[in-house]
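Novice: Here's a structure for you.
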Amino acid sequence: MKIVDLRVRTVAIPTNAKLRHNTGVHPGYFIRTILELITDEGLVGLGEVGGGDQRGAFERLRPRIIGADPFRLELLKLRTLKAIYYLSNDRLYAAIEMACLDIQGKALGRPLSDLLGGRVRERIPFIAYLFWRYDRPGGGDDTTAEDMADQCEELTETLGVSAMKLKAGVLDPAEEARVLELCRDRFGPSYRLRIDPNGGWSVPTAVRIGRRLETVAPEWFEDPAWGLTGNAAVRAQVRIPVATNMYPAKFDDLGPAIRMDAVDIVLTDIHYWQGPRGVKDLAAVCRTFGLGVAMHSGVEFGVELAAMLHTASTIPEMTTAGDAHYHYLTDDIIAGGKLPYVDGAIAVPTGPGLGVELDPEKMDKYERHFEEVGDYYARFHVDERNPEWLPTSF
């Protein structure tokens, strides 16, 4: 079997609010680039990647993909991941591997999870992912900790989740800490709490807020300060496990992170860790060194979400709820619409390969929408209400 063609399209799907973070705002839509690898046997594999419009990047890799055997992933990795020494193609290779595994599963008539060792669970629990919002449903903005606790309560009831994470680094750290305190009071001791300032707090601030939050016992403190050194410094002074999806977020930094005792839990993204098989490699290292591992979210649509579900289902240690921005999406590009939450979890697709297919009409619709709204990554998530907003350590 050979790959004989590829097609890439960038799509934008509206969200139900504008989501703030410490470097700006998602302006009412998410962007993904969808890859289709076409084989000489008529099978089509699907991949997905974020980071804005990636069509040109895939086209530059076309000569290294066409003619390749989708079962020979190590060779494809060498041809694409390490194609140019000064460029990082981790995201692009992850989408290519995703699509090749989709092809393999379709050729064999087996779900992608079977290609990774087989699933140990049939459904993956997810969290209520809380962002400070502009233009939230019903109008208005989130401005107080009470607003965020109300959002958490609504998502807990509608999705059936039993865990949350606050995307912090936006308002005063003390007000953001109060969100977790309110949620602990409302939902009781078994509800899992997380907070993530995306490395935007100074070490003294992260230590001060972390010590304050020890009383509400968060499940973890994600990227409390900048870099491996910052995380290690906070971890040494706060009695809350430190998690990361930033330091390390690639294999090059994993050894130093372990040697520095920088983290307790690595939150893995398929697109940062070189695809589903890369996540399995990461899980093996974490198992060896006694680190926790959980699934992170990168504003994925249904194609990558399916890959996340398959991958997480095969990792015995991945027992805690995964991150997902998915509940903010108003629609999806996959046939049948959005994958449903049931009691706080999403079922692993059972069909061959990824177990999802594209909806042609939705792809056309949201490709047009991307052309209308544009690539906000090119404008670095500009907050139109605060155009001078920059990442600032509190």
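Novice: Compute the distance from the alpha-carbon center of region 144-164 to that of region 186-204, in whole Å.
Specialist: So the two Cα centres are separated by 14 Å.
Novice: Follow-up question, since we're still on this one. Just name one of W201, H296, L115: the one whose Cα is farthest towards the positive end of the charge dipole of the chain (beta-carbon charges, Lys/Arg +1, Asp/Glu -1).
Specialist: Of the listed residues, the answer is L115.
Novice: Could you work out the Rg to Rh ratio of region 9-103, with Rh taken as the Kirkwood radius (inverse of the mean 1/r over all Cα pairs)?
Specialist: That ratio equals 1.04.
Novice: If you fit an axis through the alpha-carbon atoms of helix 275-289 and take the longest principal axis of the Cα set of the chain, what angle between them do you get, 0 to 90°, nearest 10?
Specialist: So the helix axis and the longest Cα principal axis differ by about 50 degrees.
Novice: Next up: Solvent-accessible area of T350, probe 1.4 Å, all protein chains present, reported in Å² to the nearest ten, please.
Specialist: 110
Novice: Something else now. Can you list the HN-Hα couplings for region 121-137, worked out from phi with the Karplus curve (6.51, -1.76, 1.60; θ = phi - 60°), rounded to whole Hz and with x for Gly and Pro?
Specialist: 8, 9, 8, 10, x, 10, 9, 8, 8, 9, 10, 5, 10, 9, 6, 6, x
Novice: Tell me the angle of helix 55-65 to the major Cα principal axis of the chain, expressed in degrees between 0 and 90 and rounded to the nearest ten.
Specialist: Relative to the chain, helix 55-65 is tipped by roughly 50 degrees.
Novice: Starting from the amide H of V120, placed 1.01 Å from N in the peptide plane, find each other amide H under 5 Å away whose residue is 5 or more places distant or on another chain.
Specialist: T314, I315
Novice: Still on this structure: What whole-number volume per residue, in cubic angstrom, does the convex hull of the C-alpha atoms of region 237-360 give?
Specialist: Spelled out: Cα convex hull of region 237-360, divided by residues, is 122 Å³.
Novice: Quick one: putting +1 on the C-beta of Lys and Arg, -1 on the C-beta of Asp and Glu, what dipole do you get for the chain around its Cα centre, in Debye to the nearest 20?
Specialist: Around 1100 debye, computed over the chain.
Novice: Work out the charge dipole of the chain with +1 on the Cβ of Lys and Arg and -1 on the Cβ of Asp and Glu about the Cα centre, then indicate which of T268, I124, I34 is farthest towards its positive end.
Specialist: It is T268, whose Cα lies furthest towards the positive end.
Novice: To continue, here is another question. Using the basic label-point model (7 angstrom from Cα toward the beta carbon), what is the T229 to S190 distance in nanometres?
Specialist: Distance between the two pseudo-spin positions: 4.4 nm.
Novice: Determine, from the Cβ-Cβ distance of E157 and M1 and an R0 of 35 Å, the FRET efficiency 1/(1 + (r/R0)^6), rounded to the nearest 0.05.
Specialist: So, using R0 = 35 Å, E works out to roughly 0.15.
Novice: Please compute the Cα-Cα pair-distance distribution of region 74-226 with 5 Å bins starting at 0, giving whole percents from short to long.
Specialist: 2, 8, 14, 14, 12, 10, 11, 12, 11, 6, 1
Novice: Here is a further query. Under Stokes-Einstein, with the Kirkwood radius over Cα pairs standing in for Rh, what whole-number D in µm²/s applies to the chain at 10 °C and 1.306 mPa s?
Specialist: Stokes-Einstein gives a translational diffusion coefficient of 75 µm²/s.
Novice: Give me the mean projected area, in nm² to one decimal, of the convex hull enclosing the Cα positions of region 272-340.
Specialist: 4.9
Novice: While we're on this one: Give, rounded to the nearest 20 debye, the magnitude of the charge dipole that region 229-297 has about its Cα centre when Lys and Arg contribute +1 at Cβ and Asp and Glu contribute -1 at Cβ.
Specialist: 120
Novice: Which of the peptides 281-293, 216-228, 35-47 is most tightly packed, and how do the rest follow, going by the mean number of other Cβ atoms within 10 Å of each residue?
Specialist: Going from most to least packed, we get 216-228, 35-47, 281-293.
Novice: With no solvent and one point per C-alpha, what does the Debye sum give as log10 I(q)/I(0) for region 203-298 at q = 0.12, 0.13, 0.18, 0.19 Å⁻¹?
Specialist: Each listed q maps to, in turn, -0.35, -0.40, -0.75, -0.83.
Novice: Which whole-Hz couplings ³J(HN,Hα) result when phi for each residue of region 347-364 is put into the Karplus expression 6.51 cos²θ - 1.76 cosθ + 1.60, θ = phi - 60°, listed in order with x for Gly and Pro?
Specialist: The phi angles translate into 6, 6, x, 9, x, x, x, 5, x, 9, 10, 6, 8, x, 5, 5, 4, 4 Hz.
Novice: Follow-up. For region 88-173, evaluate the Debye formula with one uniform point scatterer on each Cα (no solvent term) and list log10 I(q)/I(0) at q = 0.12, 0.25 Å⁻¹, rounded to two decimals.
Specialist: Relative scattering, expressed as log10 I(q)/I(0), comes to -0.65, -1.15.
Novice: Sort out for me the Cα centre separation of region 301-368 from region 211-266, rounded to whole Å.
Specialist: 28
Novice: Return the whole-Å distance between the Cα centroid of region 17-88 and the Cα centroid of region 111-128.
Specialist: 22
Novice: May I pose another question? How much length would be gained if the chain were fully extended between V373 and D40, taking 0.36 nm per residue of separation minus their Cα-Cα distance, in nm to one decimal?
Specialist: 116.3 nm
Novice: Solvent-accessible area per residue for the chain at a 1.4 Å probe radius, Å²?
Specialist: On a per-residue basis, 39 Å².
Novice: Using only DSSP helix segments of four residues or longer, with each worth -39500 (n - 2.57), what per-residue ellipticity at 222 nm results for the chain after dividing by its residue count and rounding to 500?
Specialist: -11000 deg cm²/dmol
Novice: Please express the Cα-Cα pair-distance distribution P(r) of region 144-246 as a list of whole percents, one per 10 Å bin, running from 0 to the bin with the greatest distance.
Specialist: 17, 52, 27, 5
Novice: Roll a 1.4 angstrom probe over the protein heavy atoms and tell me the percent of accessible area of region 131-189 that is carbon or sulfur.
Specialist: So the carbon and sulfur contribution to the accessible surface is 47 percent.
The values are calculated or read from the model by the stated rules, or taken from the named source; none is laboratory data. Owing to the predicted nature of the structure, the values given are computational and were not obtained by experimental measurement. Backbone-built Cβ (ideal geometry, glycine too); neighbour counts: all protein chains shown. Each accessible area value is taken on the protein alone, full model and side chains, heavy atoms only, with ligands, DNA and RNA left out. Shrake-Rupley method; radii C 1.70, N 1.55, O 1.52, S 1.80 Å.
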